[in-house]
Each structure stands twice: as C-alpha cells, then as structure tokens.
Amino acid sequence: YCHIVLSSALKQAVKWIMLSQNPASLVGLPKPVRKEMQALSPQEATSFLKAAAEDRWSALFSLALATGMRPEEYLALQWKDVDLKKGVVIVQRAIAWHRKGGGFDFTVPKTAHSRRSIPLPASVVLALAAHKRQQAEERLKAGANYQTYDLVFAAYEGTPLMIRNLVRRHFKPTLKRANLLESIRLYDLRHTCATLLLSA
C-alpha cells in the first residue's frame, strides 16, 4: 500500500519534470502473505448458529453457512433469485463497492461457474421466510424513504449492507457469544460450508 501511494506521487513528479524516472518502479515488492483459511468444526458451526439466532442477520449467517456463497454474492441477492417453495437460491450477481466517492454496482459473479443454483436446507428456507416477513414490516415503517432494490438482506432504508458494518456489529459479536476465535473471518463461513460438505 505504501508503495502504491509513493509510486503515484513519484509518477506525478516525473510528469512535472522534477525527476527523470520513478525510483519506485525499480523496487522489487514482497509477495503478499495470504491469510490462512479457517473452517469451523461441526460443533463450532452449531454453536455459531445458536449464537446467531439472537442476531438481526441470523438468516444471512444461516444462508452463508449452508450454501458457501461469497459475501458479495449473498449481499447482492434479490428476492426474485429465491424460490422458497422449491427451496432454491440462484446466484446471478455480486455487489461491488466503489473505493472512490462511495456507492456500489451490481456486477456479474466472479467466474462463469459462480452463476449457479443452490438447494436450501429446510431450516434456511424457514429462516428466510421469517426474515422476509420482518423485512416487510420494516419496509412499511420506512414508507417512502425505503429504496427498492429487492434485496434479501438490506439496511433499514432498503440499501445494501456494508460488509465492514456487518462484520463489526453482527458477525464478531456472534463469534464472541459462541466462544469462538475472533480471528475467524466472514469469508470463512464459505470454507466451513465446503469442509462440512466434504466431511458429510
């Protein structure tokens, strides 16, 4: 990150003819260290879901753990992608937040294989149905202020959830209530899903 900022400044200095070349371009960068994946055990996953039942986003955490969807996928999920009668969810888009100036866009999923249909366990179908009823009540209360993006998981105003807020206000406190390591990341629910499916 420091290299990016410094390189940008020195690049401008070259444009202004204050330097003949950008010395940052001659630097060899270290390879980024990838964080080790963590997966919950079946017992830990059960503890997590019990603790999540107290949270506003319990349906979101249940869906994430049961489907292995990426955070940017389930945060872009719309109700038209969910068939509660058939117990199926279809991944068709992802959300991308703008780094400059705020805002967001809906984009195509990460890879061609990311567009997929995923069966839902009965417990997740029930959780989503209850969540939909609660969301309908919130939408009525918000009235004309509610922004209609048809999102399954939306803030009180109908806008998409921000991952950092979801993690800080809901995911980390849930881990704490479940007596699980706070080093576990939201993305690790995806790894946990894969691990549980393989063990099953």
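The single condition among (1) in a loop (DSSP other than H, G, I, E, B); (2) over 21 Å from Leu180 (Cβ atoms); (3) open to solvent by less than 40 Å² (accessible area, probe 1.4 Å) that Leu40 does not meet is (2). What do you reckon, is Phe153 over 22 Å from Glu54 (Cα atoms) and at pLDDT 90 or above? Judged against the criteria, Phe153 is not a match. May I ask you to list the residues in segment 124-141 that are within 12 Å of Trp79 (Cα to Cα) and polar (S, T, N, Q)? Residue satisfying the conditions is Gln135 alone.
If the condition is being within 19 Å of Tyr146 (Cα to Cα) and open to solvent by 30 Å² or more (accessible area, probe 1.4 Å), then segment 160-185 contributes only Met162. A search for C-beta distances below 6 Å between a residue of segment 108-133 that is in a loop (DSSP other than H, G, I, E, B) and any residue that is open to solvent by 90 Å² or more (accessible area, probe 1.4 Å), counting only pairs 6+ apart in sequence or on different chains, returns Pro109/Arg115.
Residues that are in a helix (DSSP H, G or I) and open to solvent by less than 30 Å² (accessible area, probe 1.4 Å) were ranked within segment 46-61; the one that is nearest to Tyr149 (Cα to Cα) is Leu60. Quickly run through segment 142-158 and pick out the residues that are touching a residue at least 12 places away in the same chain (Cβ under 8 Å), open to solvent by 30 Å² or more (accessible area, probe 1.4 Å) and closer than 18 Å to Ala76 by Cα. Those that are touching a residue at least 12 places away in the same chain (Cβ under 8 Å), open to solvent by 30 Å² or more (accessible area, probe 1.4 Å) and closer than 18 Å to Ala76 by Cα: Tyr146, Gln147, Tyr149, Asp150, Tyr156, Glu157. Scanning segment 82-105 for residues that are exposed (fewer than 15 other Cβ atoms within 10 Å of the Cβ) and not β-branched (Val, Ile, Thr) yields Asp83, Lys85, Lys86, Ala96, Trp97, His98, Arg99, Lys100, Gly101, Gly102, Gly103, Asp105.
Let's see how each residue does on (1) in a helix (DSSP H, G or I); (2) surrounded by 10 or more Cβ atoms within 10 Å (Cβ to Cβ); (3) at pLDDT 95 or above:
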position: Ser7; (1), (2), (3): yes, yes, no
position: Leu10; (1), (2), (3): yes, yes, no
position: Ala13; (1), (2), (3): yes, yes, no
position: Ser20; (1), (2), (3): no, no, no
position: Gly28; (1), (2), (3): no, no, no
position: Arg34; (1), (2), (3): no, no, no
position: Glu44; (1), (2), (3): yes, yes, yes
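For segment 63-73, the criterion of being open to solvent by 60 Å² or more (accessible area, probe 1.4 Å) and either modelled with pLDDT of 95 or more or small (Gly, Ala, Ser) (or both) is met by none of the residues.
Answer with yes or no whether Lys100 is in a loop (DSSP other than H, G, I, E, B) and at pLDDT below 95.
When the stated conditions are applied, Lys100 passes them.
Against the numbered list (1) closer than 18 Å to Ala53 by Cα; (2) of a type outside the set (D, E, K, R); (3) part of a helix (DSSP H, G or I), Ala144 comes up short only at (1). The condition of being at pLDDT below 90 and either surrounded by 12 or more Cβ atoms within 10 Å (Cβ to Cβ) or more than 22 Å from Glu72 (Cα to Cα) (or both) holds for only one of Pro121, Pro109, that being Pro109.
Out of curiosity, is Gln78 of a type in the set (S, T, N, Q) and modelled with pLDDT of 95 or more? When the stated conditions are applied, Gln78 passes them.
The values are calculated or read from the model by the stated rules, or taken from the named source; none is laboratory data. Treat the numbers as computed from the prediction; the structure is a model and nothing was measured. Quick reminder, even Gly has a Cβ in these numbers, built from the backbone with ideal geometry, and neighbours come from all protein chains shown. Each accessible area value is taken on the protein alone, full model and side chains, heavy atoms only, with ligands, DNA and RNA left out. Shrake-Rupley method; radii C 1.70, N 1.55, O 1.52, S 1.80 Å.
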